[in-house]
1. Among the strands (runs of 3 or more DSSP E) lying completely within the stretch B:113-188, list those that include at least 2 residues that are touching a residue at least 12 places away in the same chain (Cβ under 8 Å) and farther than 25 Å from B:SER55 by Cα.
2. Can we say A:GLY118 is away from every other protein chain (no Cβ under 14 Å) and surrounded by 24 or more Cβ atoms within 10 Å (Cβ to Cβ)?
3. Taking the stated definitions as given, is B:ARG126 crowded, with 21+ Cβ neighbours inside 10 Å and of a type in the set (D, E, K, R)?
4. Quick one: would you say B:PHE124 is under 15 Å from the mean Cα position of the chain (by Cα) and on the phi < 0 side of the Ramachandran plot?
5. Would you point out which residue out of A:ARG26, A:ARG7, A:ARG71 is at pLDDT below 90, more than 15 Å from DNA strand C (Cβ to nearest atom) and more than 16 Å from A:VAL122 (Cα to Cα)?
6. How about the stretch A:47-82: which of its residues are under 18 Å from B:VAL96 (Cβ atoms) and either assigned to a helix (DSSP H, G or I) or of a type in the set (Lys, Arg) (or both)?
7. Do any residues in the stretch B:35-46 that are under 18 Å from B:PHE66 (Cβ atoms) and at the interface with chain A (Cβ under 8 Å from one of its Cβ atoms) have Cβ atoms under 6 Å from those of residues that are within 16 Å of DNA strand D (Cβ to nearest atom) and not in a strand (DSSP E or B), where the two are at least six apart or on different chains, and which pairs are they?
8. Going through the stretch B:253-295 one residue at a time, which ones are more than 14 Å from B:VAL122 (Cβ to Cβ), in contact with a strand residue (DSSP E or B) (Cβ under 6 Å, 6 or more places away or on another chain) and of a type in the set (A, V, I, L, M, F, W, C)?
Protein chains: 2
Amino acid sequence: MLSGDPRVGEAYRQRVLQAVEQLDYRPNQLARNLRKQRSMTLGVVVPDIENPHFSEMVRAVEDLAFNAGYRVLVCNTDETADKQQAYLEALIGERVMGVVISPSEPASPQIGRLLDIGIPVVAFDREVADERADAVLADNVRGTRTATKLLIDTGHERIAYIGGRRDVETGAERLAGYELAMRAAGLELREVDGAFRLDAADAGVTEILAASVRPTALVVANNLMTVGALRALRRAGLRVPDEMAIIGIDDPSWAELIDPPLTAMAQPVGRMAGDAVALLLERVAGTRTEPRRIVHAFELRRRLSVCPPAPQP
Amino acid sequence: MLSGDPRVGEAYRQRVLQAVEQLDYRPNQLARNLRKQRSMTLGVVVPDIENPHFSEMVRAVEDLAFNAGYRVLVCNTDETADKQQAYLEALIGERVMGVVISPSEPASPQIGRLLDIGIPVVAFDREVADERADAVLADNVRGTRTATKLLIDTGHERIAYIGGRRDVETGAERLAGYELAMRAAGLELREVDGAFRLDAADAGVTEILAASVRPTALVVANNLMTVGALRALRRAGLRVPDEMAIIGIDDPSWAELIDPPLTAMAQPVGRMAGDAVALLLERVAGTRTEPRRIVHAFELRRRLSVCPPAPQP
DNA sequence: CTTGCTCGGGAAATCGATTTCCGAACCCGC
DNA sequence: GCGGGTTCGGAAATCGATTTCCCGAGCAAG
């Protein structure tokens with residue numbers, strides 16, 4: 001009756017509600033969870049919550065979930081398959097009502113298990129291996145191609161790409177976007193792996209700068225690596241954009257504060273998170289059973305870190 | 001027996017473990033939670049997870065908690081008392097094993113309830129009203145006084161302070177630190193409320209700049225407001241540091257990338273989070289019953305956003 | 001007026017692991 | 001060889017809300 005049975009007498013209901021009031025009765029959530037075999041919780045699995053891209057996403061998901069009456073269990077995988085597996089296992093154990101995941105490992109068997117037992121999964125940023133999952137993605141190929149093309153159109157020919165892990169969607173697609181643009185223009189590829197990490201990007205850029213023929217522009221595949229790249233450039237004493245143009249994927253809040261303000265490809269993270277939660281809630285409500293994929297476009301934020309290359313000696 | 005009863009026959013144990021293996025048996029976490037009246041979860045309550053200060057903290061807590069076998073329920077309060085209350089209520093309902101909270105409202109009655117039912121609470125950054133809670137704090141008064149003193153020692157006399165909410169510990173203490181330093185030097189106070197928010201700080205700085213006599217230096221009480229302040233300065237076309245020196249409390253990763261690199265007071269967030277989790281685990285283990293307060297010192301990161309003021313006309 | 005049906009409310013079963021309880025077997029020493 | 005004390009494994013109670021079941025009352029129709 002306490003769960004809102006409509007066929008209950010009014011007088012009786014009043015009596016009970018009054019008792020509830022007087023005794024300061026609070027239903028035991030744990031007992032409820034056991035009986036219902038679910039907990040009003042959503043799992044959010046991200047590779048790195050310190051990355052502003054993901055903290056913005058977590059923030060948005062959390063907000064929407066809270067308003068819909070859910071709690072959020074945040075899982076940080078450190079880009080490792082192990083932690084991801086452990087966390088997904090835990091989420092299954094907790095019988096969460098849905099999972100938003102930006103997978104470090106797209107093929108964790110737990111993802112299939114989740115879907116098997118009816119827990120909806122929404123892939124965020126990166127797809128998962130299971131067909132049944134929904135997905136909210138950014139058009140990485142086009143975004144990175146646009147970024148690269150901007151450099152080409154500005155007059156650059158030696159353009160290096162600081163990339164992320166190729167074994168995940170985002171890394172592979174962004175690389176593809178870069179390659180598409182470069183090949184279309186008949187330019188030579190120059191790729192360095194920054195593993196989506198600050199330090200690796202720093203090292204990568206340092207390595208690039210050591211080469212006999214330096215590039216005149218960089219495309220950096222995410223915001224952490226952009227910090228690393230900028231650090232390496234600063235250490236090498238290179239001026240941006242005259243000596244090295246740079247365009248970043250992701251547009252964190254500090255992008256317009258640095259010198260020069262960073263030209264960036266922004267993802268509509270807030271809207272993407274909104275879509276992800278909406279997809280989950282549709283599944284929970286049973287409104288939809290067909291998998292859906294939603295792809296968002298990047299948006300170019302033109303600032304001052306890109307200018308034509310210096311004339312060649 | 002499955003919970004590791006030591007007084008169990010070896011042969012029997014083997015037989016059971018084999019059965020466990022074969023049937024792919026997974027204990028139902030929800031049933032376990034109900035029976036034990038607890039869930040292997042820690043609650044982390046922060047005002048804004050998008051703020052790098054807190055995302056770093058959440059990240060560190062999450063990591064340590066995971067290694068200790070706990071999950072982390074992240075609660076974002078948006079600096080509102082309402083959301084904080086709702087979340088604390090939920091954490092009580094989930095019977096979490098401990099709570100790390102950076103309170104928006106230090107006196108929520110739920111904090112007392114948590115402690116009443118034996119759930120340890122550690123205050124982070126800002127104290128809570130209940131005596132029984134542990135606390136991990138930064139020495140805000142000294143940190144801000146040091147920051148202000150640096151400006152004074154550099155030769156500034158008109159120093160404005162962009163402050164955060166005075167009704168929370170950090171805001172009040174940082175303000176006090178500024179006032180201490182200014183009064184000690186016999187200088188006039190100039191305070192603006194930025195509510196710890198980017199936009200409010202932007203507006204505050206804009207307001208300050210509109211005054212007939214402008215300050216020559218700013219102390220900004222946290223990293224979000226620093227972004228706002230820098231934005232306002234840029235919009236007004238003021239050069240840092242010659243026309244306006246600036247020192248920020250908090251040292252986010254972008255601080256050394258901006259132009260000029262930001263002079264900042266850094267908090268050892270990682271160590272603070274480590275202490276917080278350690279305090280919780282001590283409580284859970286029952287090793288300690290006396291409340292503890294740990295105070296960490298800020299660390300000055302001298303960069304280029306502070307220089308002597310231009311000579312007066 | 002009686003049969004049949006609906007509705008309200010109380011009682012009991014359920015979720016599944018943990019914890020307690022108990023009887024049987026076993027060991028030791030006297 | 002027997003009483004007292006362990007040890008071990010099975011059985012039952014427990015956690016507390018939800019869900020199902022069921023009976024009695026009330027009402028309508030024949």
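1. Correct list: B:159-163.
2. Working: away from every other protein chain (no Cβ under 14 Å): yes; surrounded by 24 or more Cβ atoms within 10 Å (Cβ to Cβ): no.
It is false that A:GLY118 is away from every other protein chain (no Cβ under 14 Å) and surrounded by 24 or more Cβ atoms within 10 Å (Cβ to Cβ).
3. On the way: crowded, with 21+ Cβ neighbours inside 10 Å: yes; of a type in the set (D, E, K, R): yes.
Yes.
4. Answer is yes for this residue.
5. Numbers: A:ARG7 fails: more than 15 Å from DNA strand C (Cβ to nearest atom); A:ARG71 fails: at pLDDT below 90.
Sole residue among the options that is at pLDDT below 90, more than 15 Å from DNA strand C (Cβ to nearest atom) and more than 16 Å from A:VAL122 (Cα to Cα): A:ARG26.
6. Once the filter is applied, which keeps residues that are under 18 Å from B:VAL96 (Cβ atoms) and either assigned to a helix (DSSP H, G or I) or of a type in the set (Lys, Arg) (or both), the stretch A:47-82 yields A:GLU62, A:ALA65, A:PHE66, A:ARG71.
7. B:SER39/B:ASN33; B:SER39/B:GLU94; B:SER39/B:ARG95
8. The answer is B:ALA255, B:LEU257, B:ILE258, B:LEU262, B:ALA264, B:MET265, B:ALA266.
The values are calculated or read from the model by the stated rules, or taken from the named source; none is laboratory data. This one's a predicted model, so the numbers in the text were calculated from it and none came from an experiment. Neighbour counts are summed over all protein chains in view; Cβ atoms, including those assigned to glycine, are modelled from backbone coordinates with ideal geometry.
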